[in-house]
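To keep things clear, I will list the structure first and then write my remarks on it.
None of the figures in this text is laboratory data; all of them are computed from the coordinates on show. Because the structure is a prediction, the values reported are computed rather than measured. Every residue, glycine as well, gets a Cβ built from its backbone with ideal geometry; the counts of neighbours run over all protein chains shown.
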Amino acid sequence: MGEAPKRALFVLPHFGGGGAERAITRYSKILHDAGYEIVVITLSDRKNFVVPDFIRHIVLPQIESGLFQRRRRVQALWDTITELGGPESFSIKVSCLLPADKVVARLPECGFIYRIAGNHFTELLEGGRIRHLPRRRRIQRLYGDKPLLCVSSAMEESARRLFKRSDRQIRTIYNPFDFEAIRTLSTQPDPDIPGEDYIIHVGRSAEPKRHDILLRAYKASGVDRKLVLLGKVKDHVRDDIRALGLENDVICIPYRDNPYPLIRGADALILSSDREGLPGVLIEALIVGTSVVSTDCPFGPSEILQGEQRAFLVPNKDIDALANGIRQIIAEPPHLRGDEIAKFRDDRFLTEIVSFVGDLS
């Protein structure tokens with residue numbers, strides 16, 4: 001039996017999002033440095049960052065809408081993979097995010113792993129809400145017998161319960177982080193760093209991020225710090241800021257490719273989400289030495305915050321608890337130990353993904 005080809009294939013909807021797309025880019029960099037050829041196929045050409053040169057990026061031809069749109073898209077993806085040498089020419093094949101997963105799942109079986117991380121999945125694993133039942137059934141049909149890469153252990157446990165599985169085709173592999181690169185980037189100048197003490201929240205104005213809880217907890221905390229909102233702040237959040245009388249206390253700063261100087265300069269980072277996959281911003285804050293207060297939401301924060309940081313893991317959707325956490329972390333910041341986040345170092349990823357692929361063979 002010959003040696004497995006050192007080629008990796010990823011399928012994504014596009015490069016226009018945030019965490020998932022950047023995670024796949026990081027996967028690709030680690031594999032490229034290990035000698036792999038990297039190919040990423042996207043369903044559209046949308047992007048909000050420059051795709052690195054080490055990735056061969058192929059965009060599927062646009063398919064006109066119609067009755068057989070998905071079938072034609074599946075055929076276009078299969079034809080592209082065939083032109084690249086066929087699925088057997090890639091030892092690692094990963095699909096990421098629901099729109100891509102729906103297309104990849106209709107291909108002939110060829111060994112794809114499905115990366116599970118997004119909110120479309122986490123909200124279905126939170127509980128047994130009746131309104132979620134039709135979507136849960138669709139998710140069960142889509143992923144129920146597939147190899148799954150979960151980005152947190154809690155997500156893996158919930159997926160096993162949902163799909164009633166105990167096999168080895170579900171594996172937790174944490175998102176990898178380049179600690180040294182992040183720390184170096186955090187020392188670069190940023191003219192938007194406030195000239196006064198502040199705490200920070202990083203994230204777009206999406207419903208699961210719960211800016212409503214964040215703003216009310218910040219006001220209730222009474223801390224003498226500005227609150228920086230780093231990311232796209234939509235009108236409804238700005239309306240909330242005005243309604244709470246926080247116009248002079250909240251600073252809205254657009255997201256940038258290097259958020260780390262702003263995170264490093266903060267007295268604390270606050271996460272108010274009611275659901276996540278594995279919130280990388282918590283890990284990044286701890287890497288640059290910034291303490292965090294986080295809701296204990298599904299999934300991820302409880303696996304990230306260890307040692308003295310555990311005291312700042314507060315009940316989900318609880319304004320008073322989050323406010324108290326903010327007060328406490330300003331009054332008495334926890335001592336951070338680097339070994340508590342060592343499991344997120346990028347040097348672990350290569351061994352873990354190759355081992356997972358090998359176990360599936």
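With neighbours defined as other Cβ atoms within 10 Å of a residue's Cβ, the residues L336, L313 order from fewest to most as L336, L313.
What whole-number distance in Å separates the alpha-carbon centres of the range 328-349 and the range 1-42? Cα centroid of the range 328-349 versus Cα centroid of the range 1-42: 27 Å apart. Whole-Hz Karplus values for the range 205-210 come out as 7, 9, 3, x, 6, 6 Hz, taken residue by residue from phi with 6.51 cos²θ - 1.76 cosθ + 1.60 and θ = phi - 60°; glycine and proline positions read x. Electrostatic tally near Q169: other residues with Cβ closer than 9 Å to its Cβ, Lys and Arg +1, Asp and Glu -1, net +1. For the range 1-43, the set of GluC sites (Glu not before Pro) satisfying both a DSSP loop assignment and a count of at most 11 other C-beta atoms within 10 Å is given as E3. Within the range 179-343, the percentage of alpha carbon pairs spaced more than 24 angstrom apart rounds to 27%. Search the structure for amide H atoms under 5 Å from the amide H of L271, placed 1.01 Å from N in the peptide plane, and list their residues when 5 or more places away or on another chain. It is V293, S294, T295, by chain and number. 3J(HN,Hα) along the range 329-340, derived from phi through the Karplus expression 6.51 cos²θ - 1.76 cosθ + 1.60 where θ = phi - 60°, amounts to 6, 6, 6, 8, x, x, 7, 9, 10, x, 5, 6 Hz, with x in place of Gly and Pro. Between the helical axis of 133-143 and the longest alpha-carbon principal axis of the chain there is an angle of about 50 degrees. For the range 226-312, the list of trypsin sites (Lys or Arg not before Pro) that fall in a loop by DSSP and count at most 15 other C-beta atoms within 10 angstrom reads K232, K234, R256.
Couplings for the range 43-48, taken from phi via the Karplus curve 6.51 cos²θ - 1.76 cosθ + 1.60 with θ = phi - 60°, read 7, 8, 8, 4, 7, 10 Hz in order; Gly and Pro are left as x. Net charge of the neighbourhood of G280, taken over other residues with C-beta under 10 Å away and scored Lys/Arg +1, Asp/Glu -1, is 0.
Local charge for E3 was computed over the other residues whose Cβ lies under 15 Å away, with Lys and Arg +1 and Asp and Glu -1, and equals 0. Each Cα pair under 8 Å and six or more residues apart adds its sequence gap; the mean of these over the residue count of the chain is a relative contact order of 15 percent. Across all directions, the average projected area of the convex hull around the alpha carbons of the chain is 19.2 nm². Annotation: for a label point projected 7 angstrom from Cα along Cα→Cβ of N48, residues of the range 237-261 with backbone N closer than 14 Å are 253-259. The label point for K343 and the one for D320, both projected 7 Å from the Cα toward the Cβ, are 3.3 nm apart.
Taking a straight line from the alpha carbon of K164, these aspartates and glutamates sit under 15 Å away, with near neighbours fewer than eight places off in the same chain left out: D145, E156. Computed from the Cβ-Cβ distance with R0 of 22 Å, the FRET efficiency linking S89 to Q69 stands at 0.20. Cβ crowding within 10 Å, taken as a proxy for footprinting-reagent exposure, orders V233, V59 from fewest neighbours to most as V59, V233.
Computed over the chain, the per-residue total of -39500 (n - 2.57) for DSSP H runs of n ≥ 4 gives a 222 nm mean residue ellipticity of -11000 deg cm²/dmol, rounded to 500. The fewest-to-most ranking of I353, I200 by surrounding Cβ atoms within 10 Å reads I353, I200.
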